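Single-structure report; data block below.
Any read-out appearing in this document is the output of simple, stated calculations on the displayed coordinates, not a laboratory observation. No experiment lies behind these values; they were computed from the predicted model shown. Virtual Cβ from ideal backbone geometry, glycine too; neighbours counted across all protein chains shown.
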Amino acid sequence: MREYTTRLLPGDSLGIREAAALLRAGELVGIPTETVYGLAANALDGGAVGRIFTAKGRPQDNPLIVHIADWEALPPLVAEVPPLAKKLADAYWPGPLTMIFRKSALIPDEVSAGLSTVAVRMPSHPVARAVIRQAGVPLAAPSANLSGSPSPTLASHVMADMTGRIPAVLDGGECAVGVESTVVDVTKETPCLLRPGGVTPAMLAAVAGGVSINPAVTSRLPEGAVAASPGMKYKHYAPKAHVVLVRGTPEDYAAFVNARRDEPVTAMCFDGEEGALRVPYISYGRRDDPAGQARRVFDVLRRLDEIGAKTVYCACPSEEGVGLAVYNRLLRAAGFEVIDLDR
Ligand code: AMP
Ligand code: MG
């Protein structure tokens, strides 16, 4: 892998112009979106896309999302645009919604990882939209973290993971959503949720009349099963610490962690509930504010590693609304280890 001096570009017109020029030249650039930072390459250039996998250390069988800025960019990339996709796009594009289509011949195998489908999203972040338009090509972009580490929600997270591996990171501030996009398969009558995100199941059902949820969203895939969304089979977002989710009332959670205060434990708790804890803690949002939790969850997972946390008992979020996305990511960070104090 080539070594780069990685530059942090400002998210202004000069920075955007420079990022677009690098992308057109087949280079990789870390770019902001409203979900998380993406590691972008020209989606139509198989060689450039291939370098994303090297830079991230990403398994070759995990396909990438193609980012577009305008509706007109979609039809050339896909075999057909189902009416369901048009309805969902009218409601939620630009925004944190990725749809799975049957792909066209324009999509290199490196993007779709050998599948016959392609994932496409139209981000709403103004800097992302400007870079895509100036590059003049769709951009393939997975999250801009090293494979396995928490997704980046700040330019500094991307710099921490990608310095030396890519020429530039474009700074667009803190990501407003904070978890990766909702992924939904629109190749069937009823949309099927493959990964929860900022667009909730209720929002999908409101437009589509119904939604099915892939079992891998809330449970571990059985050994040997084929993942509908290959990314869901990996132990993602994993900090170095041993993370365990703890489901229960604020009182039961406090009693549980306090009983372990002679061990090297850190509590990952809700805002406003720290007072009852007798162990070190980092809070990640209010219990009743899933959108706030989504914005902070990945940064907190990174900070746990920075402070050298050994065992992290994380207060389990609600699975309602955007909470489902937070729960899904934490479940993977915890390797599906959940202690249920309510039982
Ligand atoms: P990331 O870009 O890191 O957010 O990962 C992209 C996610 O989208 C992964 O979970 C992939 O498995 C999923 N994905 C991308 N393309 C497809 C596809 N054609 N079919 C199903 N899932 C996909
Ligand atoms: Mg990722």
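Using the Cα atoms of segment 68-111, I'd like the radius of gyration and the largest Cα-Cα distance, Dmax, both in angstrom.
Both quantities, over Cα of segment 68-111: 10.6, 30 Å.
Against the longest alpha carbon principal axis of the chain, how many degrees, from 0 to 90 and to the nearest 10, is the axis of helix 126-135 turned?
That helix lies at roughly 30 degrees to the long axis.
Compute the helix-to-body angle for 46-56: its Cα long axis versus the longest principal axis of the chain, expressed 0 to 90° and rounded to tens.
That helix lies at roughly 20 degrees to the long axis.
Looking at the calculated P(r) for segment 224-343, what percent of the C-alpha pair distances fall above 19 Å? Don't jump to the answer; show the numbers that get you there.
Values: 3094 of 7140 pairs.
In whole percent, the long-distance tail amounts to 43.
Using modelled amide H (1.01 Å from N, peptide plane; none on Pro or chain starts), what sits under 5 Å from the amide H of Y281, excluding residues fewer than 5 places away?
It is A267, by chain and number.
Rounded, prolate or oblate for segment 255-316? Axes are the square roots of the Cα gyration tensor eigenvalues, ordered a ≥ b ≥ c, and the cut-off for rounded is a/c under 1.5.
Values: a/c = 2.54, a/b = 1.30, b/c = 1.95.
Oblate is the answer for segment 255-316, as a/c is 1.5 or above yet b/c matches or exceeds a/b.
Does segment 6-80 classify as rounded, prolate or oblate by the C-alpha gyration tensor (a ≥ b ≥ c root eigenvalues; a/c under 1.5 gives rounded; else a/b over b/c gives prolate, otherwise oblate)? Numbers along the way, then the final one.
On the way: a/c = 1.69, a/b = 1.16, b/c = 1.45.
Judged from the Cα gyration tensor, segment 6-80 comes out oblate (a/c at least 1.5, b/c at or above a/b).
Working out 0.36 nm times the residue gap between V338 and T163, then minus their Cα-Cα distance, what length gain in nm do you get to one decimal?
On the way: separation 175, 0.36 × 175 = 63.00 nm, distance 3.47 nm.
Value of the extension gain: 59.5 nm.
Can you tell me the convex hull volume per residue for segment 62-196, based on C-alpha atoms, in Å³ to the nearest whole number?
On the way: hull volume 15.6 nm³, N = 135.
Cα convex hull per residue, to the nearest whole number: 116 Å³.
Which Cα, out of L193, V207, V179, lies furthest along the positive dipole direction of segment 179-241 (beta carbon charges, K/R +1, D/E -1)?
Of the options given, the answer is V179.
Dipole magnitude of segment 20-129 about its Cα centre, charges +1 at Lys/Arg Cβ and -1 at Asp/Glu Cβ only, in debye to the nearest 20? Don't jump to the answer; show the numbers that get you there.
Details: 10 positive and 10 negative charges, 27 e Å.
I would put it at about 120 debye.
At a threshold of 8 angstrom on Cα-Cα distance, excluding pairs fewer than six apart, so keeping six or more, what relative contact order does segment 252-343 reach in percent? It would help to have the intermediate numbers written out before the result.
Values: 113 pairs, mean separation 24.9, N = 92.
After rounding, I find 27 percent.
Hey, any idea what Rg/Rh is for the chain, computing Rh the Kirkwood way over Cα pairs? It would help to have the intermediate numbers written out before the result.
Working: Rg = 19.8 Å, Rh = 20.3 Å.
Expressed as Rg/Rh, it is 0.97.
Looking only at the chain, where both bridge partners belong to it, what percent of the DSSP beta bridges are antiparallel (to the nearest 5)?
Of the beta bridges lying entirely in the chain, close to 35 percent run antiparallel.
Under the rule of at least 5 residues apart or a separate chain, name every residue whose amide H is placed under 5 Å from the amide H of E34.
Amide H to amide H, under 5 Å and 5 or more residues apart or across chains, E34 pairs with S124, H125.
Only loop residues by DSSP count here, and only those with at most 14 other Cβ atoms within 10 Å; note down the GluC sites (Glu not before Pro) in segment 274-343 that meet that.
E320, E337
Please compute the length gained on full extension between H242 and R220, using 0.36 nm multiplied by the number of residues separating them and subtracting their Cα-Cα distance. List each step's numbers first, then the result.
Details: separation 22, 0.36 × 22 = 7.92 nm, distance 1.75 nm.
So the extension gain works out to 6.2 nm.
Counting helices only, and only those DSSP H runs with n ≥ 4, report the 222 nm mean residue ellipticity of the chain as the sum of -39,500 (n - 2.57) divided by its residues, in deg cm²/dmol to the nearest 500.
Working: 10 runs with 100 residues, N = 343.
So the calculated ellipticity at 222 nm is -8500 deg cm²/dmol.
How large is log10 of I(q)/I(0) for segment 142-297 at q = 0.11, 0.13, 0.18 Å⁻¹ when the intensity is taken from the Debye formula with one equal scatterer per alpha-carbon?
Evaluating at q = 0.11, 0.13, 0.18 Å⁻¹ gives log10 I(q)/I(0) of -0.60, -0.83, -1.28.
Taking the Cβ of G323 as the center, what net charge do the other residues with Cβ under 14 Å away carry, scoring Lys and Arg +1 and Asp and Glu -1? Provide the component values of the computation, followed by the final result.
Numbers: positive: R247, R286, R287, R295, R296, R329; negative: D288, D289, E319, E320.
Charge balance near G323 sits at +2.
Which of the aspartates and glutamates could a cross-linker bridge to K87, judged by Cα under 18 Å and excluding same-chain residues fewer than eight apart?
Those aspartates and glutamates meeting the cut-off are D70, E72, D185, E189.
Check each of the GluC sites (Glu not before Pro) in segment 188-258 and keep only those in coil by DSSP with at most 12 other C-beta atoms within 10 angstrom; list them in order. Don't skip to the answer; put the middle values down first.
Details: sites: E189, E223, E251; in loops: E189, E223.
In loop regions of segment 188-258 (DSSP not H, G, I, E or B), the sparsely surrounded GluC sites (Glu not before Pro) are E189, E223.
Give, in nm to one decimal, the length gained when the segment between L106 and E3 is fully stretched (0.36 nm per residue of separation minus the Cα-Cα distance).
So the extension gain works out to 34.1 nm.
Roughly what % antiparallel, to the nearest 5, for the DSSP beta bridges in segment 148-296? Spell out each step's value before the answer.
Numbers: 3 of 8 bridges.
Of those bridges, close to 40 percent are antiparallel.
Show which lysines lie in cross-link reach of K240 when reach means a straight Cα distance below 29 angstrom and same-chain residues fewer than eight apart are skipped.
K56, K310
Computed from the mean reciprocal separation of all distinct C-alpha pairs, what Kirkwood hydrodynamic radius does segment 1-47 have, in Å? Show your work: numbers first, answer last.
On the way: mean 1/r = 0.0863 Å⁻¹.
It is 11.6 Å.
Using 17 Å as the cut-off for backbone N distance, which residues of segment 82-103 belong to the label zone defined by a point 7 Å from the Cα of T190 along Cα→Cβ?
What the label zone holds, given the 17 Å backbone N cut-off, is 84-85.
Starting from segment 50-134, pick out the GluC sites (Glu not before Pro) whose DSSP state is loop and whose Cβ has at most 13 other Cβ atoms within 10 Å. Show your work: numbers first, answer last.
Details: sites: E72, E80, E110; in loops: E80.
Those satisfying the criteria are E80.
What dipole magnitude, in Debye to the nearest 20, does the chain give about its Cα centre under +1 on Lys/Arg Cβ and -1 on Asp/Glu Cβ? All intermediate terms of the calculation are to be shown ahead of the outcome.
Details: 35 positive and 37 negative charges, 109 e Å.
Magnitude of the dipole: close to 520 debye.
Would you mind getting me the FRET efficiency between W71 and R260? Use the beta-carbon distance for r and R0 = 35 Å, nearest 0.05. Can you show the working numbers first?
Numbers: r = 53 Å, r/R0 = 1.52.
Calculated transfer efficiency: 0.10.
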